[in-house]
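One structure below.
The values are calculated or read from the model by the stated rules, or taken from the named source; none is laboratory data. Predicted model only: the values in this text are computed from it and were never measured. Positions of Cβ are backbone-derived with ideal geometry, glycine not excepted, and every protein chain shown enters the neighbour counts.
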Amino acid sequence: MQRLGKILGFAALLALLLSSCRDPVQFPTIPAVEYKSFEILADTAFLTFDMTDGDGNFGLDEEDTLGDFEFNAVPFNKFHYCIFIDPYKFVNNEWVLIDKRPNAANPDAIPLYYRVERLDPSGSDKNLEAEIRIDFPPPVWPLPECELGDTIKFQIQIADRELQESNVAESPAFIIQ
């Protein structure tokens, strides 16, 4: 009986050791995004997506405002931000970008682009995996360019500090109600 207890104890220890020796997940160094959800609660909308980055260089420091990260309205430098949300409206059987980026005709436009605080994973594992929720409070939501009954969707992309752009994730189409 004592021998059976030792065998079971050894088997349990071996199982624990083997389960803790699994290879860590390794994400590609180019960031990736995946759409998760879009919700409207009261007067605010919430867009949620998942992101991964294998070398842990996502997000910007407050001081990252020069060089590649400098703010320029015209020509617009999207890399002042690291999250890019582009809304589209379905018009005459095609998707049309609701271009909210500053340009010569509208230098004061405010894009649905966002800066996120620099994320630095500690240790040797530089993989980042996160769920990001973007809040669209009034006056951002409802989109001023849209009316009740319009069909819209969002495209989501991110960039890391090396200016590597992720894939483009897309929300399903939905009708503004």
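Some points to look at:
- Answer from PRO138, PRO144, PRO121, PRO172 - the residue that is under 21 Å from ALA73 (Cβ atoms) and part of a loop (DSSP other than H, G, I, E, B): PRO144
- Total residues in the stretch 51-75 satisfying the condition of being over 22 Å from GLU129 (Cβ atoms), of a type in the set (Phe, Trp, Tyr) and outside any loop (DSSP other than H, G, I, E, B): the figure is 1.
- Residue match in the stretch 150-161 (condition: modelled with pLDDT under 95, out of contact with any Ser or Thr (no Cβ under 6 Å at 6 or more places or on another chain) and surrounded by fewer than 16 Cβ atoms within 10 Å (Cβ to Cβ)): no
- Residue check for PHE76: surrounded by 12 or more Cβ atoms within 10 Å (Cβ to Cβ) and under 15 Å from the mean Cα position of the chain (by Cα): no
- Test set (1) surrounded by 17 or more Cβ atoms within 10 Å (Cβ to Cβ); (2) over 24 Å from PRO172 (Cβ atoms) - ILE132 fails condition number: (2)
- Qualifying residue in the stretch 86-109 (condition: surrounded by fewer than 16 Cβ atoms within 10 Å (Cβ to Cβ), under 30 Å from PRO28 (Cα atoms) and hydroxyl-bearing (Ser, Thr, Tyr)): no
- Number of the exception - GLU147 against (1) surrounded by 11 or more Cβ atoms within 10 Å (Cβ to Cβ); (2) out of contact with any Asp or Glu (no Cβ under 8 Å at 6 or more places or on another chain): (1)
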